[in-house]
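Undergrad: This structure is in structure tokens; I'll ask about it shortly.
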Amino acid sequence: MKFPNSTDIKNDLKKNAYTNIPLSIPEGAIQNAVDAFMTFAKSPEHVKENYKLPTKKGANKCDEVGYKHYGTYNNKPSDIGWFQYNRKLLPELTAQHRSHTEKEMVEKMGIVYEHACVMFSKLVDSLEKEFPGLRKKLYDEDSDIPRFSMLRFLRYGTKGAEPDKYLGFTPHYDSGSCTISLAESGPGLLLGHERRSVAPPVREEGHALMFCGLYFYKLTSDDFAPSLHLVDPHANKGVDDDVARWAVIFFVDHDEFKKCDVCEKIHW
Ligand SMILES: [Fe+2]
């Protein structure tokens, strides 16, 4: 499948605030990892606690791996949770394994991450022609993974969260450089340039949706303005009795922006 060139990507972003890029991940790999995470999410709290890895002060968001609850519902933790993976911190994740099932889950997530990195690399190749030096800004020398990148598996429980207690339900910009939505269980994502114009994106078959975080334009040009987006909490059809929705998202960031004021206020 042909990868879009820089001009096509810019035109799409200008028009729609997102672009479709070929999803080159082996069939079934995403679903396998999602299924493993859904099983893990049903684990007793003490099992999940193993993967609540401490956040290091000043760490980039991409370097926060493991499991996390998000949002509240009636002042209690919501049933929205995510698991974040990156290769750099794989040893930290591996150290938490208590069972074969958990080991398998992390391995399955790793397969998706590795392929997402290849997809992102193709995106960089496409843009590098117009923005020479982009790769150097995002990658360490001789590395095939972006210096700051992370794969997030998001699970929305059927109980959900109060919209004002969960950032994803309110219009926001991602604080990273680049966001790639690899897969979602169903509609719900709304994207646009401004609040009035957010709309469901059209995902072409076999494609992922790429859109810009707050600072990708600083690495490229003003054509890569951040995309406003949210998840409509009422659009979820429901995966099963416990799960309303899931999404698998790949994030890339750049260390230069981690201490930026706006980043501190707008969290993923
Ligand atoms: Fe977001």
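The values are calculated or read from the model by the stated rules, or taken from the named source; none is laboratory data. These numbers come from a predicted model, not from an experiment. All Cβ positions, even for glycine, are placed from backbone atoms using ideal geometry, and neighbour counts span all protein chains on display.
Undergrad: When you scan region 212-249, how many residues do you find that are away from the ligand (no atom under 15 Å from the Cβ), under 14 Å from P200 (Cβ atoms) and surrounded by 15 or more Cβ atoms within 10 Å (Cβ to Cβ)?
TA: Within region 212-249, residues that are away from the ligand (no atom under 15 Å from the Cβ), under 14 Å from P200 (Cβ atoms) and surrounded by 15 or more Cβ atoms within 10 Å (Cβ to Cβ) number 1.
Undergrad: I would also like to ask the following. If a residue has to be assigned to a helix (DSSP H, G or I) and in contact (Cβ under 8 Å) with a residue 24 or more places away in the chain to count, how many in region 8-30 make the cut?
TA: Result for region 8-30: 7.
Undergrad: Any chance you could count how many residues in region 151-170 are within 13 Å of the ligand (Cβ to nearest atom), more than 18 Å from D242 (Cβ to Cβ) and part of a loop (DSSP other than H, G, I, E, B)?
TA: Total satisfying the criteria: 1.
Undergrad: Of the residues that make up region 78-89, is at least one of a type in the set (V, I, T), more than 19 Å from S43 (Cβ to Cβ) and within 17 Å of the chain's Cα centre (by Cα)?
TA: No, that holds for no residue.
Undergrad: From S121, S78, which residue is crowded, with 16+ Cβ neighbours inside 10 Å and touching a residue at least 60 places away in the same chain (Cβ under 8 Å)?
TA: Of S121, S78, the one residue that is crowded, with 16+ Cβ neighbours inside 10 Å and touching a residue at least 60 places away in the same chain (Cβ under 8 Å) is S78.
Undergrad: Select from region 171-186 the residues that are assigned to a loop (DSSP other than H, G, I, E, B) and of a type in the set (D, E, K, R) and list them in ascending order.
TA: Of everything in region 171-186, just one residue is assigned to a loop (DSSP other than H, G, I, E, B) and of a type in the set (D, E, K, R), namely D174.
Undergrad: Which condition breaks for Q96 when tested against (1) assigned to a loop (DSSP other than H, G, I, E, B); (2) within 26 Å of F216 (Cβ to Cβ)?
TA: The one condition Q96 does not meet is (2).
Undergrad: Can you tell me which of L90, L13 is farther than 24 Å from L214 by Cβ, out of contact with any Leu (no Cβ under 8 Å at 6 or more places or on another chain) and among the aliphatic types (A, V, I, L, M)?
TA: Criteria check complete, one pass: L90.
Undergrad: Checking L190 against (1) within 22 Å of N20 (Cβ to Cβ); (2) surrounded by 20 or more Cβ atoms within 10 Å (Cβ to Cβ); (3) within 16 Å of the ligand (Cβ to nearest atom): exactly one of these is not met. Which one?
TA: All conditions are met except number (2).
Undergrad: Going by what's in this entry, would D35 be described as within 18 Å of W246 (Cα to Cα), acidic (D, E) and in a helix (DSSP H, G or I)?
TA: yes
Undergrad: Which of (1) among the acidic types (D, E); (2) over 18 Å from the mean Cα position of the chain (by Cα); (3) at pLDDT 90 or above does D242 not meet, given it meets every other one?
TA: Among (1) among the acidic types (D, E); (2) over 18 Å from the mean Cα position of the chain (by Cα); (3) at pLDDT 90 or above, the lone unmet condition for D242 is (3).
Undergrad: Do you know which residues across region 106-118 are surrounded by fewer than 18 Cβ atoms within 10 Å (Cβ to Cβ) and either in contact with a helix residue (DSSP H, G or I) (Cβ under 6 Å, 6 or more places away or on another chain) or over 17 Å from A29 (Cβ atoms) (or both)?
TA: Across region 106-118, the qualifying residue is only I111.
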